[in-house]
Structures are given as C-alpha cells and as structure tokens.
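Input: a single structure, listed below in structure tokens.
Read the figures in this text as sums done on the coordinates, not as results from a lab. As the structure is a computational prediction, the values presented were derived from the model and not from experiment. Backbone-built Cβ (ideal geometry, glycine too); neighbour counts: all protein chains shown.
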Amino acid sequence: MQGCPSLVKGQGLGVPKGNVDKMNRILELAKENKAVAMAIIAQAIIDEGAIGADGTITINYTSRKNAVYLWKIANAWDLVHPIRKKKYINHTTWYVSFRAEKREEIYKFVGPLPDLRHDRMFRHILRRYNGGPHKARNGETQRKTLDLLKNKPMTVRDISYALDISASTTRKHLINLRKDKKIFVFGYNKKSPNKNQRTAQIWAFSKPLH
C-alpha cells in the first residue's frame, strides 16, 4: 500500500484528509487506479471488517455517507454486492459485502494482513474445502472432532481451522455429536469480536458417567 493517499484511520474506511472536494478527487482516482482502491478497501477491512468463518467479508457502518463512499470505490471494480441496510430501534446500519469470487483477488492486493488473526481468517476462507473424491470417509471427521475436544474445549472456528473444513460442515458434525450426547456447548469466547455468533460457541467433550 506504499504511495497511496494519506488516510485517516478510525473512521471505518480511511476517509481522506481534507474537505469534500478532496474526498471526491480521491474517489475518482480510486475508480481509475485499482491499487488506490485496494488500499482504501484494505484499510476498511483492517479497521472495521468482519470475516466470517464461512467466507463472508462484510463491513458495516452507521454512517450512510461512509458506506456509500466505500461501496462506490469497490463497485467500480465489481468487488461488492448491492449495498444493503437494516433498521434498528435507535439507528440504521449499512452493509458493504464483498463477492465470494473476488476474495482471492482482494487478498492478492491487501495480504498478508498486519493482524495475524485476521490474516489467518482471510487465508482460511480462500482455501478449497475438502469434497468430491477427497471427501473424508463417513465418521472420520466426527472422530477427529471428538479427538480434538477430548484435549480441550474449542470454538467452531478453531475446529474448522484444525480439520481444514468449512465452519458450516463443522457445525453439522457438532450438532450430530450433540444429539448423541457426546459433546455440549461449554460457553462463548468472550475475546471473539463475533461472540454473539455461532462461531464463537465453545464446545466441549462430554465425559461418560461412571
């Protein structure tokens, strides 16, 4: 990101210094210069981005102006879905979400991310999930999941990393194991930025009663 415009951090998308005219000039430059656009997008992901275990990359704002500004830059390079909003009691949130087929292209420009945790999350969603002729044998993934949980409680995200599978596949096996009363939800990872999401659930092995 060397040689890119000076950006103000802490405002979600790195709003350029100066007045509206300067912002508009940077906007037009980002529409013409992909490196500039990616620098602004990278800062937004670093500052405000939420990287889902199942591959979603979303940035949300309570400021419509900031959301539209970033969306215009990303949309110029066909990187995003249509902007969407959700109304709450006291505020409205605007969501900028990136297209799945563009994730690898984005990472080539912005990676590796300076935050190691976010970088690992980003790299994980780029991987090709096991499937087809390489799909694990029936019961093998559940056995490996139990082996992991016998050692220590783990979150959905941590298990998916360890087994190199998607979070949705991980949750499917966890639900089946819970039905068999082999595991249970131990709690939530309080340090997780997504502590209210299913990926922050901490699962533990159910020790047999003697």
Cut-off under 16 Å on the C-alpha distance; same-chain residues fewer than 8 positions from Lys34 excluded. Which aspartates and glutamates are left, in chain and number order? Asp78, Glu104, Glu105
Looking only at aspartates and glutamates whose Cα falls under 15 Å of Lys207's and that sit 8 or more positions away or on another chain, we get Asp147, Asp180
Multiply the residue separation of Thr62 and Met23 by 0.36 nm, subtract the distance between their alpha-carbon atoms, and state the gained length in nm to one decimal. 12.1 nm
Could you give the length gained by full extension between Ile89 and Arg123, i.e. 0.36 nm per residue of separation minus their alpha carbon distance, to one decimal place? 8.6 nm
Exactly which GluC sites (Glu not before Pro) in region 22-98 are in a DSSP loop and have at most 14 other Cβ atoms within 10 Å? none
How high is the relative contact order of region 7-114, in percent, with contacts defined as C-alpha pairs under 8 Å that are six or more residues apart? 24 percent
Work out how much length Val185 to Asn33 would gain on full extension: take 0.36 nm times their residue separation and subtract the Cα-Cα distance, in nm to one decimal. 49.9 nm
